[in-house]
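Reviewing the structure listed below.
The values are calculated or read from the model by the stated rules, or taken from the named source; none is laboratory data. Bear in mind that the values here come from a model prediction, so they are computed numbers and not experimental data. Ideal geometry is used to build each Cβ from the backbone, glycine not excepted, and the neighbour counts take in all protein chains shown. To get the accessible areas, we keep the full protein, side chains included, count just its heavy atoms, and leave off ligands, DNA and RNA. Shrake-Rupley method; radii C 1.70, N 1.55, O 1.52, S 1.80 Å.
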Amino acid sequence: MNILFSDAFLNSLNKFASLKKNIKKKVDMIIQHPISMGEPLKGNLRGYYSSPVRKNFIIIFLYCEGCRKRGDDKIVLCNDCKECTNDTIKFIDIGPHDQAYGKK
Ligand SMILES: [Zn+2]
């Protein structure tokens, strides 16, 4: 498994320090089961997956095997998708529901 964290994700992790433990637990679960833990997003965020840490607080990530299966790598902002192995997970952002969705 090839795990990548964006700067935005790491910044948010520090910002929501009180949730750090919960976030890390969720990250571990996503790494083990990226498909079943993630809910595919639609519209502008097509190709991304979200997973709730708690109510209205989500993790957004990309899973490159998912990108390819769905052909989403053509429209998704998975910049270096072609250079990533199938088992690459990119953690994009975390935050309150509306905020995290609004970013992309
Ligand atoms: Zn990808």
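Computed over protein heavy atoms with a 1.4 Å probe, the accessible surface of the stretch 2-94 works out to 57 Å² per residue.
Mean separation of Cα pairs under 8 Å and 6 or more residues apart, divided by the residue count, gives the chain a relative contact order of 35 percent. Shown are 87, 98, 28, whose ranking by accessible area with a 1.4 Å probe and every protein chain present, most to least, is 98, 28, 87.
So what's the net charge close to residue 51: Lys and Arg +1, Asp and Glu -1, counting the other residues with Cβ under 9 Å from its Cβ?
On the way: positive: 26; negative: 39.
Overall, the nearby charge balance is 0.
With respect to the chain, whose longest principal axis is taken over its alpha-carbon atoms, helix 20-32 is tilted by about 20°. Just from its helices, what would the mean residue ellipticity at 222 nm be for the chain, if runs of 4 or more DSSP H residues each count -39500 (n - 2.57) and the sum is divided by every residue, rounded to the nearest 500 deg cm²/dmol? Value at 222 nm, helices only: -9500 deg cm²/dmol.
Diffusion coefficient of the chain by Stokes-Einstein, Kirkwood radius over Cα pairs, 10 °C, 1.306 mPa s: 118 µm²/s. What a 1.4 Å probe finds exposed on the chain is 51% carbon and sulfur by accessible area, rounded to a whole percent. Electrostatic bookkeeping for residue 1 treats Lys and Arg as +1 and Asp and Glu as -1; over the other residues with beta carbon under 15 Å from its beta carbon, the sum is -2.
Structure shown: which of 25/69; 26/90; 21/42; 55/82; 24/82; 21/82 lie over 24 Å apart, alpha-carbon to alpha-carbon? Show your work: numbers first, answer last.
On the way: 25/69 27 Å; 26/90 14 Å; 21/42 28 Å; 55/82 34 Å; 24/82 27 Å; 21/82 32 Å.
With Cα atoms farther than 24 Å apart: 25/69; 21/42; 55/82; 24/82; 21/82.
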